[in-house]
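Data block below; observations after.
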Amino acid sequence: MDLRQLPALNAIRAFEAAARHENFSRAADELYVTHGAVSHQVRALEEELGVQLFTRNGKRLCLTDAGMRYAQQIRTALMVIADATRDVRASDRDRRLVVSMLTSFAARFITPRIGTFIERHPEIDVELQSTNSLTDFARDDVDIAIRFGQGNYPGLHVEPLFDEVFFPACSPTLNGGKLPQTPADLVHYNLLRSDDELWRPWFDAAGLKTLTEPKRGILYQDSSNLLLAAIDGQGIALVRRSLAVHDLLDGRIVRLFDIDGPSPWHYFFVCPPPLLNTPRVQAFRTWLLEEVAEYKRLCDELDARRAAGKTPAECAREGGWKALRVRP
């Protein structure tokens with residue numbers, strides 16, 4: 001057989017998922033792609049094969065006889081590939097570390113720091129899974145999860161890492177540098193919207209009973225993108241301290257007002273008890289706790305600068321977070 005004649009694997013996976021669910025949207029959710037991407041892949045596969053695999057009647061999707069036979073054979077082949085992959089991974093599993101966490105936390109907290117872990121443990125192959133889906137340790141091939149929640153995870157080893165707070169922040173050049181002086185002034189500014197950071201609890205903490213959630217403008221579903229929008233000067237964002245501390249220390253954004261918004265969620269180190277004492281998990285846990293201690297020290301530095309009334313320019317001259325990390 002000429003393997004060059006095989007269809008693209010992405011098209012095969014899209015077809016198999018769509019055939020199993022008999023629904024493009026559910027297949028898209030499973031594969032973390034859009035409905036349109038699955039539909040396009042299946043249509044391209046049908047054109048390549050010269051065979052109709054589905055009949056479409058409005059939103060209803062049904063396999064043709066040819067599609068049903070092909071789906072069964074494809075599923076068998078994919079299971080063989082999955083088993084082979086699992087066997088290969090199992091032979092090297094002790095050195096592979098899989099860590100799952102929120103996309104925003106991976107981008108703004110772990111990724112800027114992970115280089116030190118890799119330098120310390122070159123024998124460990126780290127796989128960072130950035131996802132907003134909750135890890136199921138019984139189903140997913142994951143060693144550790146860093147969860148942002150309330151800490152109630154039965155049957156798992158759970159360690160608190162740190163608490164979270166929310167506060168408004170923006171670019172120091174927003175509105176030509178003329179920033180709000182009191183919380184009530186926020187009514188005159190563009191407040192950025194997010195699915196994760198809602199303004200209402202902060203409004204309540206600030207005594208702003210009449211202000212409501214912003215209803216216009218882009219809705220950011222990822223907190224790291226929300227932070228980037230604030231840095232870019234698009235408006236004022238309600239940010240998480242853990243995600244924003246580097247940019248605050250470097251002067252890319254400034255905090256507005258000394259009012260913390262309460263967070264019902266905090267960060268936790270979570271793993272199955274049998275994995276806790278494995279060398280790879282212990283190595284990551286030790287490193288992570290050191291980084292958390294360093295993060296708390298940076299927060300103290302940030303509070304000290306704010307208490308001293310330092311401007312963003314003065315903060316930048318004193319050094320940002322990378323410079324502060326290497327100070328004795």
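In region 187-268, which helices (runs of 4 or more DSSP H) lie fully inside it and hold 2 or more residues that are among the aromatic types (Phe, Trp, Tyr) and either buried (at least 17 other Cβ atoms within 10 Å of the Cβ) or not assigned by TED's automatic domain parsing to the domain that holds Gly176 (or both)?
In region 187-268, the matching helices (runs of 4 or more DSSP H) lie at 199-205.
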Counted residues, region 127-147 - those being surrounded by fewer than 17 Cβ atoms within 10 Å (Cβ to Cβ) and in contact with a Phe, Trp or Tyr (Cβ under 7 Å, 6 or more places away or on another chain):
0
Residues satisfying the stated conditions in region 128-182, i.e. within 18 Å of Ile110 (Cα to Cα) and of a type in the set (Lys, Arg)
Arg147
Over region 286-328, the set of residues buried (at least 16 other Cβ atoms within 10 Å of the Cβ), modelled with pLDDT of 75 or more and hydrophobic (A, V, I, L, M, F, W, C) is Trp287, Leu288, Val292, Leu298, Cys299, Leu302
Meets criteria (assigned by TED's automatic domain parsing to the domain that holds Glu294, touching a residue at least 60 places away in the same chain (Cβ under 8 Å) and touching a helix residue (DSSP H, G or I) at 6+ places or on another chain (Cβ under 9 Å)) for Leu97
yes
Flag for Leu128 being among the aliphatic types (A, V, I, L, M), assigned by TED's automatic domain parsing to the domain that holds Pro201 and out of contact with any Lys or Arg (no Cβ under 8 Å at 6 or more places or on another chain):
no
Just need a number here: residues in region 13-55 that are β-branched (Val, Ile, Thr) and either in the same structural domain as Ser133 (by TED's automatic domain parsing) or farther than 22 Å from Ala82 by Cα (or both).
3
Go through Ala107, Ala82, Ala71 for me and flag whichever is surrounded by 15 or more Cβ atoms within 10 Å (Cβ to Cβ), under 29 Å from His121 (Cβ atoms) and not assigned by TED's automatic domain parsing to the domain that holds His246.
Ala107
Scanning for something more than 29 Å from the chain's Cα centre (by Cα) and aromatic (Phe, Trp, Tyr), does region 5-28 turn up at least one residue?
no
What do you reckon, is Leu179 in a loop (DSSP other than H, G, I, E, B), among the aliphatic types (A, V, I, L, M) and modelled with pLDDT of 90 or more?
yes
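The values are calculated or read from the model by the stated rules, or taken from the named source; none is laboratory data. All values derive from a computational prediction rather than experimental measurement. Here Cβ is always computed from backbone atoms with ideal geometry, including for glycine, and neighbour counts include all displayed protein chains.
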